[in-house]
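A quick write-up on the structure given underneath.
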Amino acid sequence: SQTPASKQPRSHVPVGGGHLYIPNVSGNYAEGPSITIGASETWEGELDMVITSFGNYIRPMGGLTGGWQDGFGLMFYSSGAVRCFCGGDGVGLASGVTLGTQFNVKYGYDGSDLYIDINDSRIATYATSFDAITETLQLAQQNNLTHAGEFSLQKAKLTVGSSVVFDCDFSASNIGHGGASFQAAVGGTVTINTSGNDPATIVRRNFLRF
């Protein structure tokens, strides 16, 4: 048992055989390959993930160098809403995600509409078009909004046109516990940027941080 001291040990238990842990502290993210999406080209991101706290804005996978709606990606809000965007503002609606429960999300552009599917149920579409985009792919995108919220990624995949350009299963045997970088099945080397006392890391076995 523990007394209510201000600094408690933090337990980490792998989800789905292994996951990338992102804490509720800015500056924690992973960075992968450069991604190009042609003008109004189809694309789809897919994630298996668990959100522990919504914080302010969670952006689990996408690419961004400018304002919050530039580039492409997905955003979960503190209200529980979720938004998909690409080259500008996009569709948003209540996600129905339960904190602490693993879920699958697919989001992207089908040639005419942005869309979001939660556990294979389509919750929103938004008709739009966009110019060509070239961005560095990030897991836990950094941006000009207050980046916050705690979550874990078990699988991450990005398809552009008919080609898979990034694919990573964090339970894969080549992805080591606590590593500062890892090799995705598709997309090459991914590096992890860390910040704070409980930083982003690969979790493959139970451990405590003090």
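In contact (Cβ under 8 Å) with a residue 12 or more places away in the chain and in contact with a Leu (Cβ under 6 Å, 6 or more places away or on another chain), is that true of Met75? Answer is no for this residue. Among the residues of the stretch 166-189, just one is more than 14 Å from Leu153 (Cα to Cα), among the aliphatic types (A, V, I, L, M) and in a strand (DSSP E or B), namely Val186.
Across the stretch 40-80, the qualifying residues are those that are open to solvent by 10 Å² or more (accessible area, probe 1.4 Å) and within 11 Å of Gln138 (Cα to Cα), and the one among them that is modelled with the lowest pLDDT is Thr65. Against the condition more than 27 Å from Asn193 (Cα to Cα) and surrounded by 14 or more Cβ atoms within 10 Å (Cβ to Cβ), how does Tyr29 come out, does it pass? Spelling it out, it is not the case that Tyr29 is more than 27 Å from Asn193 (Cα to Cα) and surrounded by 14 or more Cβ atoms within 10 Å (Cβ to Cβ).
Criterion first (modelled with pLDDT under 95, charged (D, E, K, R) and under 28 Å from Thr191 (Cα atoms)) does Asp113 satisfy it? In short, no. Look at Ala39 and say whether it is touching a Leu at 6+ places or on another chain (Cβ under 8 Å), hydrophobic (A, V, I, L, M, F, W, C) and farther than 29 Å from Gly178 by Cβ. The answer is no for Ala39. Checking Leu114, Leu93 one by one, the residue that is part of a strand (DSSP E or B), at negative phi, hydrophobic (A, V, I, L, M, F, W, C) and open to solvent by less than 10 Å² (accessible area, probe 1.4 Å) is Leu114 and no other.
Suppose we keep only residues that are among the β-branched types (Val, Ile, Thr), open to solvent by 30 Å² or more (accessible area, probe 1.4 Å) and touching a residue at least 60 places away in the same chain (Cβ under 8 Å) within the stretch 165-210. Which one would you say is nearest to Leu47 (Cα to Cα)? Applying the filter and picking the extreme gives Val165. Annotation: of all residues in the stretch 117-159 being farther than 30 Å from His12 by Cβ, hydrophobic (A, V, I, L, M, F, W, C) and touching a residue at least 60 places away in the same chain (Cβ under 8 Å), the one that is most open to solvent (accessible area, probe 1.4 Å) is Ala132. Given the structure, is Ser162 without any contact (Cβ under 8 Å) to a residue 40 or more places away in the chain and either hydroxyl-bearing (Ser, Thr, Tyr) or more than 30 Å from Ser11 (Cβ to Cβ) (or both)? It is true that Ser162 is without any contact (Cβ under 8 Å) to a residue 40 or more places away in the chain and either hydroxyl-bearing (Ser, Thr, Tyr) or more than 30 Å from Ser11 (Cβ to Cβ) (or both).
The values are calculated or read from the model by the stated rules, or taken from the named source; none is laboratory data. Being a predicted model, the structure only gives us computed values, none of them experimental. We place every Cβ from the backbone using ideal geometry, glycine too, and count neighbours over all the protein chains shown. Only protein heavy atoms, including side chains, enter the accessible area calculation; ligands, DNA and RNA are left aside. Shrake-Rupley method; radii C 1.70, N 1.55, O 1.52, S 1.80 Å.
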